[in-house]
1. Starting from residues that are open to solvent by less than 40 Å² (accessible area, probe 1.4 Å) and part of a helix (DSSP H, G or I), keep the ones in the range 6-22 and report whichever is modelled with the highest pLDDT.
2. From the list G41, G34, which one is touching a Gly at 6+ places or on another chain (Cβ under 8 Å) and either surrounded by fewer than 17 Cβ atoms within 10 Å (Cβ to Cβ) or modelled with pLDDT under 85 (or both)?
3. Out of everything in the range 45-61 that is buried (at least 16 other Cβ atoms within 10 Å of the Cβ) and not β-branched (V, I, T), what residue ends up being nearest to W13 (Cα to Cα)?
4. Considering each residue of the range 34-54, count those that are without any contact (Cβ under 8 Å) to a residue 24 or more places away in the chain and under 21 Å from N69 (Cα atoms), and give that number.
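The values are calculated or read from the model by the stated rules, or taken from the named source; none is laboratory data. Just so it is clear, the structure is predicted and the values come from calculations on it, not from any experiment. Because the Cβ atoms are built from the backbone with ideal geometry, glycine has one as well, and the counts that use them run over all protein chains shown. These area figures cover heavy atoms from the full protein model, side chains too; ligands, DNA and RNA do not enter into them. Shrake-Rupley method; radii C 1.70, N 1.55, O 1.52, S 1.80 Å.
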Amino acid sequence: MNKDTIMGTLKEWGGEVKRQWGKLTDDDITQLEGNKDKLSGHLQKAYGIGKDEADNQINAWEDDYRTRNSAY
């Protein structure tokens, strides 16, 4: 997986992203195009957090997502 791309396609993870970060709109998620940097920027803006915190949240969410979905 490219380090800049969140696993899967928008259809696979878009709903999961919205459940995790409810302040993001459907338009925000559509604009992400699976790009971690774009997600980080949207989280920074929506939640008023820094880049490091946004990146940490994304990495923790992605690890959790992988763990939950590897059981299937």
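1. Looking at the filtered set, the residue picked out is V17.
2. G34
3. Taking the range 45-61 and keeping what is buried (at least 16 other Cβ atoms within 10 Å of the Cβ), we get 54-55, 57-58, 61.
Okay, now just the ones that are also not β-branched (V, I, T), so 54-55, 57, 61.
Details: A54: 17, D55: 17, Q57: 15, W61: 11 Å.
This residue is W61.
4. Going through the range 34-54, the residues without any contact (Cβ under 8 Å) to a residue 24 or more places away in the chain turn out to be 38, 40-45, 48-54.
Applying the additional criterion that residues be under 21 Å from N69 (Cα atoms) yields none.
Residues that pass the stated criteria total 0.
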